[in-house]
Amino acid sequence: MKVLLLKDPKEDDRGQDPYIRELGLYGFEATLIPVLSFEFLSLPSFSEKLSHPEGYGGLIFTSPRAVEAVELCLEKDNKTEVWEKSLREKWNAKSVYVVGNATASLVNKIGLDTEGENCGNAEKLAEYICSSEKVTG
């Protein structure tokens, strides 16, 4: 049976989209149709804020795209050296929360220590943050 698979193609270690492969094993002929488009809208503003950790209590990464935004800011503004020399350490002195293990792994790759990855979703992470942080006005 033919099916439409509404997602961007991604290759696994075998050079094939895992959905295409798995569906094929069960007799499905899947056609990939990319339906989403993505654009970062606030990188200059974010980059400025990322350069001033003293103004914030921490970071919350909700997806791998959020980590990608940090990486883009560091690359575009030639801040990689400043990140490695001081910014990373300043952010690591604060709470860095993440939704999910995949996001945590990416955040760890840019040198930040994470917490909350086992919460599983945004609602549970928010509860975790509220129970572990004293929020002041």
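The values are calculated or read from the model by the stated rules, or taken from the named source; none is laboratory data. None of the values given here were measured: they were computed from a predicted structure. With ideal geometry, Cβ positions are generated from the backbone for all residues, glycine too; neighbour counts draw on all protein chains shown. Keep in mind that these areas ignore ligands, DNA and RNA; they rest on the heavy atoms of the full protein, side chains included. Shrake-Rupley method; radii C 1.70, N 1.55, O 1.52, S 1.80 Å.
When the test is whether a residue is closer than 20 Å to Glu71 by Cα, of a type in the set (A, V, I, L, M) and modelled with pLDDT of 90 or more, Leu25 does not pass it.
The sole residue among Glu22, Glu29, Glu48, Glu54 that is more than 20 Å from the chain's Cα centre (by Cα), among the charged types (D, E, K, R) and within 30 Å of Lys94 (Cβ to Cβ) is Glu54.
Restricting attention to segment 4-15 and to residues that are more than 20 Å from Val35 (Cβ to Cβ) and over 21 Å from the mean Cα position of the chain (by Cα), the residue that is least open to solvent (accessible area, probe 1.4 Å) turns out to be Gly15.
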